[in-house]
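Colleague: My structure is below; once you've seen it, I'll send some questions.
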Amino acid sequence: MTIHTAMTPSLAAQWVRRCAAERSRTAPPPGFAPLPDLPPGRYLDADFFALERATIWRTTWLYAGHIDQLPEPGSYFVWSHGSAPVVVMRDDDHCVNAFYNTCRHRGAPVVRQAAGRAGGALVCGYHGWSYDRQGRSLGVTDARDWTTTAPPCRDLVRVRCERFGNWLFVCEDPNAQSLADFLAPMARFLRHLPLEELRLVDRCHFEVACNAKVLIDNFLEAYHFKLLHPRTSDRIFDNLATSIHLWRNGHSLMLSPNRRADWVDPGTHGMPVMANTTAIERAHNPSYSIFPNLILPIAPSGMPFVTVWPKTLRSSVLEVLWFAPDWGGGPRDPLWETRIANFARIVEEDIQFAEPMQATIESPGFCGVPLNYQERRVYHWHEELDRCIGVARVPAALRVTPRLGSYVE
Ligand code: FES
Ligand SMILES: [Fe+2]
């Protein structure tokens with residue numbers, strides 16, 4: 001198999017042909033064996049949920065924010081989806097650092113707001129220990145009362161923070177591979193796009209009363225478009241021509257062609273578009289997935305990130321963030337209000353189904369999850385989940401049998 005390292009015209013043409021082949025097939029390809037059912041306990045078992053929390057949500061790179069949220073030295077926001085709150089802050093050299101928001105004295109929060117700008121130093125409000133914008137100790141209050149020869153100046157504990165385009169990711173595992181290596185299997189197909197020129201347009205979130213994997217699975221397949229989105233996604237995208245691309249590290253792509261190749265969303269008319277787009281972005285919905293929880297459907301004039309975060313076994317937060325090419329000075333295009341609302345309507349169509357599912361999967365009638373050829377992206381995600389947890393740690397009854405290795409490109 002040829003390993004492509006970037007989106008080229010020949011690769012774009014090859015991907016377009018793959019969609020045409022998907023459209024014309026009448027059965028799964030020869031040799032595709034049925035996938036074993038996913039065990040229901042993966043969605044219901046409290047111990048399995050605890051295993052997930054201790055592993056993928058601690059050891060993988062996770063989206064934290066966009067550089068626009070840190071406009072000047074001292075700007076910070078607090079990211080709260082990991083094991084503990086993390087401060088992400090721009091320093092005086094315009095580098096971005098992350099550290100636990102936990103004072104090295106008695107553990108008080110060093111910053112008290114979700115976002116803001118620190119002055120010259122971060123000062124803990126409890127006893128006044130202070131830190132610089134990289135989290136390094138600047139000193140303690142009443143040093144005379146510390147009996148050691150030197151006061152116990154301790155830096156805030158750092159969390160890894162690396163950048164992809166203008167997006168900031170954090171990882172709590174000091175031994176994890178770099179963000180660049182982690183993303184490489186999918187990022188090579190975005191390299192032609194001017195990701196560093198994208199600005200943050202909007203953020204909103206939804207509290208959803210279901211297990212996070214119910215939502216994550218949903219965003220990994222187009223099988224539901226016809227019934228859940230008859231007036232939105234299904235009118236625009238041809239789900240039967242969708243091709244699935246599986247990559248290492250659990251990443252993947254669901255490429256759905258527009259039903260009409262010349263269709264352009266009228267709600268984006270006049271908006272700036274990214275340079276260097278190909279037929280893949282112009283005439284398809286290329287919906288990338290960054291493992292474990294980030295869905296990225298790209299259009300030339302902008303893209304949402306859909307991120308899903310587990311809160312409890314039975315509740316999640318879904319965040320939608322929008323990014324777009326620089327629109328210059330002044331406010332964003334007024335068309336954005338409608339564009340954002342239209343996408344939120346699609347997300348609400350998904351949520352309105354996911355929440356009742358939480359009750360119906362907690363039923364003796366939920367005996368396992370069969371997945372079809374087009375849904376294999378969901379299976380790929382679950383295979384990666386077990387690899388991240390460590391297969392030996394997953395109870396045998398809850399394991400997913402690795403089956404898709406030969407389909408990973
Ligand atoms: S807990 Fe921060 S200075 Fe005491
Ligand atoms: Fe959907």
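Colleague: What residue, of R104, R112, R144, is basic (K, R), away from ligand 2 (no atom under 16 Å from the Cβ) and surrounded by 14 or more Cβ atoms within 10 Å (Cβ to Cβ)? Break it down into steps so the answer makes sense when it comes.
Modeller: Details: R112 fails: surrounded by 14 or more Cβ atoms within 10 Å (Cβ to Cβ); R144 fails: surrounded by 14 or more Cβ atoms within 10 Å (Cβ to Cβ).
The unique qualifying residue is R104.
Colleague: Might you check whether a residue that is under 32 Å from the mean Cα position of the chain (by Cα) and at pLDDT 90 or above occurs anywhere in the stretch 136-149?
Modeller: Scanning the stretch 136-149 turns up at least one residue that is under 32 Å from the mean Cα position of the chain (by Cα) and at pLDDT 90 or above.
Colleague: Would you mind stating whether K213 is basic (K, R), crowded, with 20+ Cβ neighbours inside 10 Å, in the same structural domain as V317 (by TED's automatic domain parsing) and within 30 Å of E362 (Cα to Cα)?
Modeller: When the stated conditions are applied, K213 passes them.
Colleague: Would you point out which residue out of V400, V347 is in a loop (DSSP other than H, G, I, E, B) and crowded, with 17+ Cβ neighbours inside 10 Å?
Modeller: Step by step, each of V400, V347 is checked, and only V400 is in a loop (DSSP other than H, G, I, E, B) and crowded, with 17+ Cβ neighbours inside 10 Å.
Colleague: Here's something else I'd like to know. On the given criteria, is N175 surrounded by 13 or more Cβ atoms within 10 Å (Cβ to Cβ) and either polar (S, T, N, Q) or within 16 Å of ligand 1 (Cβ to nearest atom) (or both)?
Modeller: For N175, the condition - surrounded by 13 or more Cβ atoms within 10 Å (Cβ to Cβ) and either polar (S, T, N, Q) or within 16 Å of ligand 1 (Cβ to nearest atom) (or both) - is not met.
Colleague: L404: over 18 Å from H205 (Cβ atoms) and of a type in the set (A, V, I, L, M), yes or no? Walk me through it before giving the result.
Modeller: Numbers: over 18 Å from H205 (Cβ atoms): yes; of a type in the set (A, V, I, L, M): yes.
So L404 fits the description; yes.
Colleague: Now a separate question. Go through the stretch 359-409 and give me each residue that's under 25 Å from S256 (Cβ atoms) and hydroxyl-bearing (S, T, Y).
Modeller: Y373, Y379, S406, Y407 - these are the residues of the stretch 359-409 that are under 25 Å from S256 (Cβ atoms) and hydroxyl-bearing (S, T, Y).
The values are calculated or read from the model by the stated rules, or taken from the named source; none is laboratory data. What you see is a predicted model; the values in this text were computed from it and never measured. Here the Cβ is made from the backbone with ideal geometry for all residues, glycine too, and neighbour counts use every protein chain on show.
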